[in-house]
Amino acid sequence: MQKHPNMKRIISFVTCMVALCGHWRAEGRELRTYNTNDILPKVTMSVKVGLQAQYLSGNTLWNKTYNTGPLAGLCFSVHRNMFGGRVEANGRSIKYSHDTYGTEVNIVNLDIPVLFEFRPIKELAILVGGQGSLFPRVQDRSGKDVSRFFSSQEASFVIGAEGILPLRLIAGARFIKGITDINDTSRPGTWTTTGAQFYVGYRFVD
């Protein structure tokens, strides 16, 4: 199976995070785990900005290359010791071009990831879960509504890693695979998305 370039970047990101933790350990820096005796859970709220590269596959006439678009979101997580959960609200946009006619469509996505959170050390969070997406606006270049081509919602699988950095900063990467068909045309076949997300953010509460 051929690996996409952005999947390789995610693997490289996770590898770098592990190497960074090893570097800290070699320098004698404390890697504080969440395996504590705290009775109350810890609450974290943060904002993030970044980009998502997304690929549309299947029996579709829309271009089958990775296209990038901006994203911004709000994150809320609760964890006790090393385990927890996270809910986010993310907004982003992505563009596709028709292979035959060159028509460009811009899709605004509202994503709600619900993720399991595992923190083996204080500086790293591993995220796994699902994501529901709505497409509140689907327009061509002239602003005409073309939502008839695409389903109004999508479900996806999510896996990623997030680094907890100094100065309340965070940086993360995710692999997002659509598991539902977004083809809403009479053309037979299934359309699914594959995405790679990269972001930085700031923690208001930790």
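Side notes on the structure shown:
- Rounded to the nearest 10 square angstrom, PHE116 shows an accessible area of 100 square angstrom against a 1.4 Å probe.
- Residue-by-residue Karplus 3J(HN,Hα) for the stretch 86-97, coefficients 6.51, -1.76, 1.60, Hz, glycine and proline x: 9, 10, 10, 10, 10, x, 7, 9, 9, 10, 10, 10
- Magnitude of the charge dipole, the stretch 68-206, Cβ model with Lys/Arg +1 and Asp/Glu -1, debye to 20: 260 debye
- Spread over its residues, the convex hull of the C-alpha atoms of the stretch 117-206 is 126 Å³ per residue.
- If the convex hull is drawn through the Cα atoms of the stretch 37-101, its volume per residue in Å³: 103 Å³
- Computed about its Cα centre, the charge dipole of the stretch 46-100 is approximately 160 debye, with only Lys, Arg, Asp and Glu carrying charge at their Cβ.
- Compared with the rule-of-thumb size 2.2 N^0.38 Å for a compact globular protein, the stretch 113-169 has a Cα radius of gyration ratio of 1.70.
- Among the lysines of the stretch 47-206, pairs that are 8 or more positions apart or on different chains and have alpha carbons within less than 24 Å of each other number 8.
- Calculated log₁₀ intensity ratio I(q)/I(0) where the Debye formula runs over C-alpha points of the stretch 61-189, q = 0.19 Å⁻¹: -1.08
- ARG141 paired with ASP184, simple spin-label distance in nm, labels 7 Å along Cα-to-beta-carbon: 2.3 nm
The values are calculated or read from the model by the stated rules, or taken from the named source; none is laboratory data. It should be emphasised that the depicted structure is a prediction, and the values quoted were computed from it without experimental measurement. Note: ideal-geometry Cβ built from the backbone for every residue, glycine included; neighbour counts use all protein chains shown. The protein model used for the area step is the full one, side chains on, heavy atoms only, and it has no ligands, DNA or RNA in it. Shrake-Rupley method; radii C 1.70, N 1.55, O 1.52, S 1.80 Å.
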